[in-house]
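Below is one structure, written out as structure tokens; comments come after it.
What follows draws every value from the coordinates through simple rules; no lab data is involved. Only a predicted model underlies this, so the values are computations on that prediction, with no experimental measurement involved. Because the Cβ atoms are built from the backbone with ideal geometry, glycine has one as well, and the counts that use them run over all protein chains shown.
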Amino acid sequence: MNSKFLIIFIFFYIQESLSLASDDEMQAQFIVNDVSEEMKLRMFKTNTASWNHASNLTDENERINAKVQAEYAAYVKGVAQDLAVFDYNSFENKTLKRLVKFLTNIGDAKLSETDFNDIQDAVSRMQSTFAKVKVPEFKDRSKLVSLEPEITEAFAKSRNPEELKYYWIKWYDGAGLPNKKDFFKYVGLRNKAANMNGFKNGADTWLDEYEDPTFEKQIDDIMDQIKPLYMQLHGYVRHKLAEFYGPNVVDKTKAIPMHLLGNVWAQQWNIGNLVLPYKTEDPDIDSVLVKKNYTPLKMFQDSEQFFTSIGLSPMPSSFWEKSIIEKPNDGREMVCHASAWDFSINNDVRIKQCTRITFESYKTVHHEMGHIEYYLQYNHLPPVFRAGANPGFHEAVGDTIALSVATPKHMHRIGLLDEVNKDRKSQINQLLKMGIEKLPFLPFSYVFDKYRYEVFRGTVTSENANTLFWDMRKKHGGVAPPIERTNKDFDVTAKYHASADVEYLRYFVAFILQFQFHKASCIKAGEYEMNNPEKTLADCDIYQSKEAGDAIKKMLSLGSSVPWNDALEVITGDRQLDANALLEYFAPLYEWLKEENTKLNAHIGWDD
Ligand code: X8Z
Ligand code: ZN
């Protein structure tokens, strides 16, 4: 084609594509562009107010934060009203359609000003109450201790059932009942906002983020799929605990008393030294970290080093200046629960974490840095698309990296282990450590939101709230509180995410997804081959693999601009959440547990 014809062709082509965009679409696009710029500045302001409050819980900071959040909500509401005139479903441009859909689905901002302020106040009060709980120390009752670090450490280290029971009761009493009134107030207002946005209730608002009407059913199916493996692990752990504590503390056929599982909520069991089947030469990583003089800073530098080794971004210098990586020692109250923040402009990203020198905390550092990498990879997108493909994606990134970090191969590479023992005993021990970290979390996270769905849906009421919570924890997880809890108690808000209004299904999704991401990255890194005992999922370390890093980067840089199935396909080739990668990872453990439980004559399941 000669150049004159080419120019005429291009001219007609442009005319044609322009005519495809209706006037409505052009107008909507104009508003959206404008909003994107303004929103970034406003987000910086609201996130700054939240950060100032969360890192210093004073009344003054709470007041300022509430005011700034209300201003932002009014702005978002105005934008949604301007865009409400368009029927975005008729838009040809898919991206624009998605942008307008997100900008008009505005959650609590839809409420009246009074209701908005009320729900904000209720959540803010719950979060502060949770963060400020202090309880008398077990040994010296004149001294007060907090969840982080003292109570967390007692659960991880103490093997005195009386001490554990004492802290359990003090903690749940302190962070539970005082928040009950605000919790139900918040539930009522969230349902009201849900109705105003066209949803049946708050449960549907949360589930909407997964953009698939069958999602709840898919989660139920995954629970069923992993149940046989979980039951074997549960039976084995209970048997070992019964041997250690004796029949007066642990009954070999009933739900496990949860205070013995190494974690305040028994969500991830931190009792490796009690249940590891084999005595080996492998050292305990907690003590290695201490011996090697690890500091919180060194942990964060290690994590950054891993991410950059696969070609992801280093932390900007402001990250190191503005993050809070240790619990401040100046008497101020702070939300210690770890979090990662995106201030939306100037590459300002930060982590706030009360880091301890333990392997558990080391893995949380990677978890948090995974959030930061997501922020950095999608910051070219308009602000409404700066989110995980679904909430579970955001939670899975750092955990995927931590799966590599936790391999003996990697720990040897970075000097945490002097040698790697490849014998079967070390391998089973390693899989069991991973098993008690990952598998109990599935029924825990499943129940945590199933329960809150039932609250939003009205089946759980203020009258039956507490017994139903523990009934569900027992039914799905086989764990029980150390003493009988009644409806005079209220225990769900003793977990951060219930007091702080954080949806929790995201973590269930992340615990399945991270194995899908791990498998896909391991294949790309040449570290995994099906049926090759030299290249298993449990052994794979994607450190320094640019191929794996590129695939992860591609997925992260999409943010929420496309449905999550598309983002998943980019890295794994799958379009669905799928527990098979997790089951494959743990397959040798499953076989071992079945054999061992038969030998031990361990009971499987739990009686009522
Ligand atoms: O809350 C978190 C992170 C912050 S997004 C520390 N996690 C859940 C929890 O602590 O309950 C990570 C795993 C589950
Ligand atoms: Zn997280």
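Go through region 499-578 and name the trypsin sites (Lys or Arg not before Pro) that are in a DSSP coil and have 16 or fewer other Cβ atoms within 10 Å of their Cβ.
Taking region 499-578 and a limit of 16 other Cβ atoms within 10 Å, the loop trypsin sites (Lys or Arg not before Pro) found are Lys535, Arg575.
How big is D, in µm² s⁻¹, for region 382-529 by Stokes-Einstein at 4 °C and 1.567 mPa s if Rh is the Kirkwood radius over C-alpha pairs?
After rounding, the answer is 72 µm²/s.
Limiting things to C-alpha atoms, what are the Rg and the maximum Cα-Cα separation (Dmax) for region 488-598, in angstroms?
Final numbers for Rg and Dmax: 17.6, 56 Å.
For region 378-431 and region 535-604, what is the centre-to-centre distance using only Cα atoms, to the nearest Å?
Here the two parts' Cα centres lie 11 Å apart.
Straight-line reach from Lys422: which aspartates and glutamates fall under 14 Å, measuring Cα to Cα and dropping same-chain residues less than 8 apart?
Partners within reach: Glu281, Asp282, Glu534, Asp539.
For Lys322 and Asp140 in the same chain, what is the full-extension length gain: residue separation times 0.36 nm, less their Cα-Cα distance, in nm?
Working: separation 182, 0.36 × 182 = 65.52 nm, distance 3.62 nm.
Taking Lys322 through Asp140 to full extension adds about 61.9 nm, to one decimal.
To the nearest 10 degrees, how steeply does helix 441-457 sit against the main Cα axis of the chain, on a 0 to 90 scale?
Roughly 60 degrees, rounded to the nearest 10.
What is the sum of charges, Lys and Arg at +1 and Asp and Glu at -1, for the other residues whose Cβ falls under 15 Å from the Cβ of Leu99? Each step should come with its number before you reach the end.
Details: positive: Lys40, Lys94, Lys97, Arg98, Lys101, Arg386; negative: Asp24, Glu25, Asp34, Glu37, Glu38, Asp82, Asp87, Glu92, Glu211.
Net charge in that neighbourhood comes out at -3.
Need the full-extension length gain, Met231 to Asn33, defined as separation in residues times 0.36 nm minus the C-alpha distance. One decimal, nm.
Stretched fully, the Met231-Asn33 segment lengthens by 66.0 nm.
Under a straight-distance cross-link criterion of Cα-Cα below 20 Å, which lysines are reachable from Lys252, leaving out those fewer than 8 residues away in the same chain?
Answer for Lys252, where 20 Å is the Cα cut-off: Lys165, Lys227, Lys240, Lys474, Lys475, Lys594, Lys599, listed by chain and number.
Based on the alpha-carbon gyration tensor of region 361-466 and its eigenvalue square roots a ≥ b ≥ c, which shape applies: rounded if a/c is under 1.5, prolate if not and a/b is larger than b/c, or oblate?
Verdict is oblate for region 361-466.
Mind giving me the FRET efficiency for Lys546 and Asn273? R0 is 35 Å, r the Cβ-Cβ distance, nearest 0.05 is fine. Working shown, then result.
Working: r = 38 Å, r/R0 = 1.08.
With a Förster radius of 35 Å, E is 0.40.
Specify, per residue and in Å³, the volume enclosed by the convex hull of the alpha carbon atoms belonging to region 78-149. List each step's numbers first, then the result.
Details: hull volume 9.2 nm³, N = 72.
Convex hull volume per residue, Cα atoms: 127 Å³.
Ignoring everything except DSSP H segments at least 4 long, calculate the 222 nm mean residue ellipticity for the chain; use -39,500 (n - 2.57) per segment, divide by total residues, nearest 500. Don't jump to the answer; show the numbers that get you there.
Values: 25 runs with 363 residues, N = 608.
Computed ellipticity for the chain at 222 nm equals -19500 deg cm²/dmol.
For region 304-411, what does the alpha-carbon gyration tensor say about shape, rounded, prolate or oblate, given a ≥ b ≥ c as the root eigenvalues, a/c under 1.5 as rounded, and a/b over b/c as prolate? Intermediate results must be reported in sequence, preceding the final value.
On the way: a/c = 1.64, a/b = 1.06, b/c = 1.56.
It is oblate, given that a/c is not under 1.5 and a/b is not larger than b/c.
Considering just Cα atoms, how many Å³ per residue does the convex hull of the chain enclose?
So the per-residue hull volume is 171 Å³.
Give me Leu312, Leu177, Leu297 sorted ascending by neighbouring Cβ count inside 10 Å, so fewest comes first.
Leu297, Leu177, Leu312
Got the relative contact order for the chain handy, in percent, Cα pairs under 8 Å and 6 or more residues apart?
This gives 19 percent for the chain.
Working from Cα positions, state the angle (0 to 90°, nearest 10) between the long axis of helix 546-556 and the longest principal axis of the chain.
It is inclined by approximately 60 degrees.
At q = 0.12, 0.20, 0.22 Å⁻¹, what base-10 log of I(q)/I(0) does the Debye formula yield for region 255-308 when every alpha carbon is treated as an equal point scatterer in vacuo?
-0.47, -0.93, -0.95
Residues with amide H under 5 Å of Val479's amide H, sequence separation 5 or more or different chain, H placed in the peptide plane at 1.01 Å from N; which?
Ile256, Lys474
Could I have the simple spin-label model distance between Ala84 and Ser112, label points 7 Å from Cα toward Cβ, reported in nm to one decimal?
Output for this residue pair reads 1.6 nm.
Just to confirm the number: angle between the C-alpha axis of helix 215-245 and the first principal axis of the chain, 0 to 90 degrees, nearest 10?
Once rounded, the angle reads 20 degrees.
Rg (Å, one decimal) plus Dmax (Å, integer) for the alpha carbons of region 93-244?
Considering region 93-244 through its Cα atoms, Rg and Dmax are 21.8, 66 Å.
Counting other beta carbons within 10 Å of each Cβ, put Leu276, Leu505 in order, fewest first.
Leu276, Leu505
Based on the alpha-carbon gyration tensor of region 200-330 and its eigenvalue square roots a ≥ b ≥ c, which shape applies: rounded if a/c is under 1.5, prolate if not and a/b is larger than b/c, or oblate? Kindly include the intermediate steps, with their values, before the conclusion.
On the way: a/c = 2.12, a/b = 1.15, b/c = 1.84.
Cα axes put region 200-330 in the oblate bin.
Hey, rough spin-label estimate for Asp251 and Phe184, points 7 angstrom out along Cα→Cβ, what's it come to in nanometres?
Label-label distance for Asp251 and Phe184, simple model: 3.1 nm.
Would you calculate the separation in nanometres between label points at Ile64 and Arg424, each defined as 7 Å from the Cα along the Cα-to-beta-carbon direction?
Spacing of the two 7 Å Cα→Cβ label points: 6.3 nm.
Which of the GluC sites (Glu not before Pro) across region 471-575 are loop residues per DSSP, with 14 or fewer other Cβ within 10 Å?
For GluC sites (Glu not before Pro) across region 471-575 that sit outside H, G, I, E and B with at most 14 neighbouring Cβ atoms in 10 Å, the list reads Glu484, Glu529, Glu534.
Can you tell me the FRET efficiency between Asp224 and Lys292 if r is taken as the Cβ-Cβ distance and R0 is 45 Å, rounded to the nearest 0.05?
0.55
Dipole of the chain, Cα-centred, from +1 at each Lys and Arg C-beta and -1 at each Asp and Glu C-beta, to the nearest 20 debye?
With Lys and Arg at +1 and Asp and Glu at -1, about 1160 debye.
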